[in-house]
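Asks: Quick one: structure below, then a few questions.
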C-alpha cells in the first residue's frame, strides 16, 4: 500500500464526508455527551423548577398539589424577602468597593520590581485556594471574643479601647462577614489587575516620567484610564460572587444573630428549600436570585463578552 | 556637587528606612511591654518614613524609590494573608485544648500532634476526607473529559448554532448553584440518588462542567488552526487531530482546568451539604459540623482545617504559573 493511500485510509468514515457535513457530524458527536449531561442535570431541572413554583412540594416528599401563583404572590407580602434583599445590597456594596480598591492597591504594589515579589504573588493564592469553610473556621477562632487573638492584639496595640465583639452586633456581624469575604476575594482581584498591568505600555509611563509627572499623576492620568475596563470586569465578578455569598453565612452565623440579621437572598432561598423544607417557595426565591444574576450578568458584561480580558 | 547630593539622598533614604522600621518596632513592642504608643504616631511615622525612603532612593536611581516602598508595603500584604492562616490554623492545631484556658497563645505552650491523631477517630471526618477525594477527583476527571470534546467542537468546528452554544455555556456558568440545586433535589429523590456517591458526583459534575467547558474553549481558541489543518491534510481525522495536535499543545491549560475543577469541587459546601443525609459525608460540611458552638474544640478544628487545605494549597502553588496566564489570551481563572 502506498503512503498516500494509507494516509487517506487513516481517517474514519466521517472524514470522507464533504467538509461542512463532516464538521456538523463531528460537532454533534463531540457535543453529544456534554449536551446530554447538561440537558439532564441543568436544563431539565431548571424547567422542572418552573413547575415547582406553581405547586406545593415538601423536601421530605409526599403529595404534590397545584397552587397557581400563590408562591409568587407570597414574595410581595413576605417581610423576610424584603429584608434579605436589602441585606444582599448591604453585603454587595462594601464588598465590591473594598475588594476592588484593595485589589488595585495590592496589584500596583506587586507590579513593582522588588526581590521576593514572586513569593508575594504566590501568597495571594492562599486565600483564594482555601476552602471557604476553613476560612470560616479560622476567623471564628481568630475573631472570637474570649479565645481569639485579634481582639487582644487590637487592644494591646492601642487601636481600640475595648475588645470589639465581632459576632454579636446587628448589623455589625454582617460587616464582619463582609470583611472575611473581602480577605478571601481581594487576592483574585489583585491577580486580575496584575495580569492587566502587564499590558500597560512601559513607554507611556516612561514618557510621563520624563515629562515630570509625579507618581500620583502617572497613576491618575496613565494607569487608571488604562485599567478602567479591568476595574469594570473586577466589579462585575465581585458583584456576582458576593450575591451568591453562602458558605460564610452558613458556617459562621447561620443567619443570626438577632432576627435574620445576616440573611441574604441566596441564604434565604437555601433555608426555605432545605431547612424549612418548602421546595416550592425556595424555587421562587432561587429564581429571583437567578433573575438578578442573569440580568446583571448579561447587561453588565454585554452577554459575557467583556468577561474575556485581553 | 553631585557627591553632596548623593550623600543627602542616601541620608534621606536611610532615615526613612529607620523611621519605618523603628515605628514598626515600637508598635509591636506593645504586644510584650505595656506602654502607650499612639496609633496616629505610628501611622505618621510610617508614612513619613516611606516618603523619605521613596524620595531619597529616587534621587539616587530613578524608579528605585517606588520599588523599595513597594517591598515594604508588600510585607504588610503578606502579613495580612499569612498571619491568620499561620497562627490560627497551623500553630493553633498544635495546641492542647487546655491551652485555651490560659488565654490566647500565638506559640503553642506545649506543641503536640494529638489533634491530628484524634481526627481519624471522628468517623464522619475520615469518611468525609475519603468521600471528598473520590467525588472531587472523579467529578474533575469526568467534567474535563466531557469538556475536552465539547470545547473542541465549539472552538474548532464550524456548525450552525455554534455561537448560541457558546453563549449558553456562558449563561449556564453564571447560574447560581441554588437555582440548580432546588430542582435537582426533587429529581434526585425520584431516582434515589440523594445520599449516594454517584448522586454526589453527578451534582458536582453539573456544578463544574460549564466552567470547565468555558475555560477549555478559550484554551483551544489559542491553538494555531494551521497546525490542525496540516494534520488533517496528512489524513488525520478530527479525533486524531484533537488527540495528537490540540491536546498536546494545550496540556498546561487542560491540567490547570482539571486542577481548578478539583479545587472548586473540593471547596464546595452547598451541594455537598444538601445531597447528604447520613451515608455520604463530604469534608466541607463535616468541618461545619465541628464548628458547632457548644462542642467545638478549636485546635481540633484547626487540624481538620489544615488537612482540608493541604491538597488545594499544594495544587494552587504547583499550578500557579499557569493559573495566571500572562500571554496572548490573558485570561485569569
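Asks: Three principal axis extents, largest first, for the C-alpha atoms of segment B:182-314, in Å?
Replies: Largest first, segment B:182-314 extends 69, 39, 18 Å along its Cα principal axes.
Asks: Where the centre of each part is set by its Cα atoms, how far does segment B:157-223 sit from segment A:188-204, in angstrom?
Replies: Using only Cα atoms to place each centre, the spacing works out to 31 Å.
Asks: Which residue, B:116, B:166, B:276, tops the fluctuation ranking in a GNM of chain B built on C-alpha contacts under 10 Å?
Replies: Highest fluctuation among the options: B:166.
Asks: Tell me the label-point distance for the pair residue B:191, residue A:156, using the 7 Å Cα-to-Cβ offset, in nm and rounded to one decimal.
Replies: Here the answer is 5.6 nm between the modelled labels.
Asks: Return the FRET efficiency for the residue pair residue A:40, residue A:80: r is the Cβ-Cβ distance, R0 is 35 Å, and the value is rounded to the nearest 0.05. Don't skip to the answer; put the middle values down first.
Replies: Working: r = 33 Å, r/R0 = 0.96.
It comes out at approximately 0.55.
Asks: Roughly how large, in nm² to one decimal, is the mean projection of the convex hull of the alpha-carbon atoms in the protein assembly as shown? Please list the in-between numbers first.
Replies: Values: hull surface 143.1 nm².
The directionally averaged projection comes out at 35.8 nm².
Asks: Jot down the radius of gyration and Dmax of segment A:216-302, Cα atoms only, both in angstrom.
Replies: Over segment A:216-302's Cα set, Rg and Dmax evaluate to 17.8, 57 Å.
Asks: Follow-up question, since we're still on this one. Most mobile of B:156, B:278, B:15 per a Gaussian network model of chain B (Cα springs, under 10 Å)?
Replies: B:15
Asks: Which residue, A:186, A:30, A:48, tops the fluctuation ranking in a GNM of chain A built on C-alpha contacts under 10 Å?
Replies: A:30
Asks: Along the Cα→Cβ direction, 7 angstrom out, place labels at residue A:291 and residue B:230. What is the inter-label distance in nm?
Replies: 5.4
Asks: Compute the relative contact order of segment B:24-162 as a whole-number percentage, counting only Cα pairs closer than 8 Å that sit 6 or more residues apart in sequence. Mind dumping the intermediate values first?
Replies: Details: 58 pairs, mean separation 13.6, N = 139.
It comes to 10 percent, rounded to a whole number.
Asks: Output needed for segment B:217-268: three equivalent-ellipsoid semi-axes, defined as square roots of 5 times the C-alpha gyration tensor eigenvalues, in descending order, whole Å. Intermediate values should be presented prior to the final figure.
Replies: On the way: eigenvalues 158, 20, 10 Å².
Largest first, segment B:217-268 gives 28, 10, 7 Å.
Asks: Still on this structure: Going by the alpha-carbon gyration tensor, a ≥ b ≥ c the square roots of its eigenvalues, is chain A rounded (a/c under 1.5) or, if a/c is not under 1.5, prolate (a/b greater than b/c) versus oblate? Provide the component values of the computation, followed by the final result.
Replies: Numbers: a/c = 2.13, a/b = 1.06, b/c = 2.00.
It is oblate, given that a/c is not under 1.5 and a/b is not larger than b/c.
Asks: Turning to a different aspect of this structure: Rg (Å, one decimal) plus Dmax (Å, integer) for the alpha carbons of chain B?
Replies: Radius of gyration, then largest Cα-Cα span, for chain B: 27.1, 88 Å.
Asks: Give the residues of segment A:98-139 whose amide nitrogen is closer than 15 Å to a point set 7 Å from the Cα of residue B:83 in the direction of its Cβ.
Replies: Counting only backbone N, you get A:139.
Asks: Follow-up. At 37 °C and a viscosity of 0.692 mPa s, what translational diffusion coefficient does Stokes-Einstein give for segment A:157-310, taking Rh as the Kirkwood radius over Cα pairs? Give it in µm²/s as a whole number.
Replies: In µm²/s, the coefficient rounds to 175.
Asks: Tell me the Kirkwood hydrodynamic radius of segment B:92-217 in angstroms, computed as one over the mean inverse distance between distinct C-alpha pairs.
Replies: Values: mean 1/r = 0.0549 Å⁻¹.
Final number for the Kirkwood radius of segment B:92-217 is 18.2 Å.
Asks: Evaluate E = 1/(1 + (r/R0)^6) for residue B:314 and residue A:221, where r is the Cβ-Cβ distance and R0 equals 56 Å; express this FRET efficiency to the nearest 0.05. Don't skip to the answer; put the middle values down first.
Replies: On the way: r = 43 Å, r/R0 = 0.77.
After rounding, the FRET efficiency stands at 0.85.
Asks: Using only alpha carbon pairs under 8 Å that are at least six residues apart, calculate the relative contact order of segment A:71-307 and give it in whole percent. Write out the running numbers ahead of the final one.
Replies: On the way: 235 pairs, mean separation 67.4, N = 237.
The value is 28 percent.
Asks: For segment B:2-112, take the convex hull of the Cα atoms, compute a quarter of its surface area, and give me that in nm², please.
Replies: Dividing the Cα hull surface by four gives the mean projection, 9.0 nm².
Asks: Take the alpha carbon atoms of segment A:20-99, find their center, do the same for segment B:232-278, and report the distance between the two centers in whole angstrom.
Replies: If we compute the Cα centre of each part, the gap is 25 Å.
Asks: With N set to the residue count of segment A:100-145, report its C-alpha Rg divided by 2.2 N^0.38 Å to two decimal places. Each step should come with its number before you reach the end.
Replies: Numbers: Rg = 13.8 Å, N = 46, 2.2 N^0.38 = 9.4 Å.
It is 1.46.
Asks: Given the Cα-Cα distance of residue B:278 and residue B:35 and 0.36 nm per residue of separation, how much length would full extension add, in nm?
Replies: Details: separation 243, 0.36 × 243 = 87.48 nm, distance 5.47 nm.
So the chain would gain 82.0 nm between residue B:278 and residue B:35.
Asks: Can you bin segment B:40-94 into rounded, prolate or oblate? Criterion: square roots of the alpha carbon gyration tensor eigenvalues sorted a ≥ b ≥ c, rounded for a/c under 1.5, prolate for a/b above b/c, oblate for the rest.
Replies: On the way: a/c = 5.74, a/b = 2.23, b/c = 2.57.
The shape class here is oblate.
Asks: If the chain between residue B:3 and residue B:121 were fully stretched, how many nm would it gain, using 0.36 nm times the residue separation less the Cα-Cα distance? Spell out each step's value before the answer.
Replies: On the way: separation 118, 0.36 × 118 = 42.48 nm, distance 7.07 nm.
Extra length from residue B:3 to residue B:121 when fully extended: 35.4 nm.
Asks: Report, to two decimal places, the Cα Rg of segment A:151-208 normalised by 2.2 N^0.38 Å (N = number of residues).
Replies: On the way: Rg = 19.2 Å, N = 58, 2.2 N^0.38 = 10.3 Å.
It is 1.86.
Asks: For each of B:27, B:127, A:275, count neighbouring Cβ atoms within 10 Å of the residue's Cβ, then give the residues from fewest to most. Present the calculation step by step, with values, prior to reporting the outcome.
Replies: Values: B:27 20, B:127 16, A:275 13.
By the 10 Å Cβ count, ascending, the order reads A:275, B:127, B:27.
Quick note: the coordinates plus some simple rules give every number you see, no bench work behind them. Please read all numbers here as calculations on a predicted model, not as lab measurements. Here Cβ is always computed from backbone atoms with ideal geometry, including for glycine, and neighbour counts include all displayed protein chains.
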